[in-house]
Amino acid sequence: MNMRMALLGLIVVLAGCQSTHEQLLAEGYPPAFADGFQDGCGSGRQAAGSIGGQYRKNVPRYLKEKLYAQGWDDGLRQCQAMQESRDRESNGWSSDRDRAWEQQKTRDKARAYRPD
């Protein structure tokens, strides 16, 4: 019984590991659009400063295929915005932590110097 549950859990997890490209195709987007989106998305992450992003653009295809160009442009914009949003969020957390730490440090100094 435990083996069946483990196998079922593994299947569910693996089914959720669908790439954006595969997801777009499954949702009915044309292959050219999905290809462009995938290339544009990596380019957008790189443009936002992500280490994981890699600039990719098939220029001849971009110039000839309208769907590839639309997918590339959409992928670039969406993934760049998403990466920048993640960066702002993570920077905000560290800034809040830093601010709280500085405030606590100042309070502790004030207590240490205050005569009892």
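The values are calculated or read from the model by the stated rules, or taken from the named source; none is laboratory data. The shown structure was predicted, so the numbers you read here are calculated from the model rather than taken from an experiment. Cβ sites come from the backbone with ideal geometry, for glycine too, and all protein chains shown count toward neighbours.
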Any hit, segment 75-86, residues being exposed (fewer than 10 other Cβ atoms within 10 Å of the Cβ) and either of a type outside the set (A, V, I, L, M, F, W, C) or part of a helix (DSSP H, G or I) (or both)
no
Residues of segment 40-71 that turn out to be part of a helix (DSSP H, G or I) and either modelled with pLDDT of 95 or more or closer than 22 Å to residue 89 by Cα (or both), as a count:
19
Residue 76 - would you say it is under 21 Å from the mean Cα position of the chain (by Cα), among the hydrophobic types (A, V, I, L, M, F, W, C) and at pLDDT 90 or above?
yes
With respect to the numbered conditions (1) touching a residue at least 24 places away in the same chain (Cβ under 8 Å); (2) more than 17 Å from residue 45 (Cα to Cα); (3) of a type in the set (D, E, K, R), which one is the sole condition not fulfilled by residue 77?
(2)
All but one of (1) surrounded by fewer than 16 Cβ atoms within 10 Å (Cβ to Cβ); (2) touching a residue at least 12 places away in the same chain (Cβ under 8 Å) hold for residue 60; state the number of the condition that does not hold.
(2)
